[in-house]
Amino acid sequence: MKNITGRWSFNEDFGFGKDEGFAEFTQEGENLKGVLVYTERIEGDTPFRVQQEVEGTFDGQRLKMTGTVVEILDAEEEIEYHLDCWEGILNDKNQIVGHSYDDHECFGVFVMEMI
């Protein structure tokens, strides 16, 4: 089974903004733990950095993970941030591509590549 332990670049477009950063995963069997750290750029707002701890599964092709803890690293003001969920597939270019969503109807499309 393919193992995705390591560091991956992370880019996401959610319609009214973009995230850019990295994901760091540790995989044991199908269980996955890790962290995503990224800069969020929302049109018309000051960019800020986000760190989400994640847990999920990867079965060799399909990725499913959920944010468990979120921390805003350097925002100028208090930000209410909702934990995300990501679902994707490892393609033949060794990219994980998929979509994200949160409980406030925010949807995105992401690509991750091994660094």
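Figures for the structure shown
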{"quantity": "Answer from Glu24, Glu28 - the residue that is exposed (fewer than 13 other Cβ atoms within 10 Å of the Cβ) and more than 20 Å from His99 (Cβ to Cβ)", "calculated": "Glu28"}
{"quantity": "Residue that is nearest to Glu30 (Cα to Cα) [pool: residues in the range 49-82 that are surrounded by 12 or more Cβ atoms within 10 Å (Cβ to Cβ) and among the aliphatic types (A, V, I, L, M)]", "calculated": "Leu63"}
{"quantity": "Filtered residues of the range 83-112 (kept if touching a residue at least 60 places away in the same chain (Cβ under 8 Å) and surrounded by 14 or more Cβ atoms within 10 Å (Cβ to Cβ))", "calculated": "Leu90, Ile96, Ser100, Cys106, Gly108, Val109, Phe110, Val111, Met112"}
{"quantity": "Hey, Thr46 surrounded by fewer than 14 Cβ atoms within 10 Å (Cβ to Cβ), assigned to a strand (DSSP E or B) and in contact (Cβ under 8 Å) with a residue 12 or more places away in the chain or not", "calculated": "no"}
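Let's see how each residue does on (1) part of a loop (DSSP other than H, G, I, E, B); (2) charged (D, E, K, R); (3) touching a Lys or Arg at 6+ places or on another chain (Cβ under 6 Å); (4) within 21 Å of Gly6 (Cα to Cα):
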| position | (1), (2), (3), (4) |
| --- | --- |
| Thr26 | no, no, yes, yes |
| Lys33 | no, yes, no, yes |
| Glu40 | no, yes, no, no |
| Thr57 | no, no, yes, yes |
| Asp74 | yes, yes, yes, no |
| Ile96 | no, no, no, yes |
| Glu105 | yes, yes, no, no |
| Phe110 | no, no, no, yes |
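Any read-out appearing in this document is the output of simple, stated calculations on the displayed coordinates, not a laboratory observation. As the structure is a prediction and not an experimental result, all values here were calculated from the model. Cβ sites come from the backbone with ideal geometry, for glycine too, and all protein chains shown count toward neighbours.
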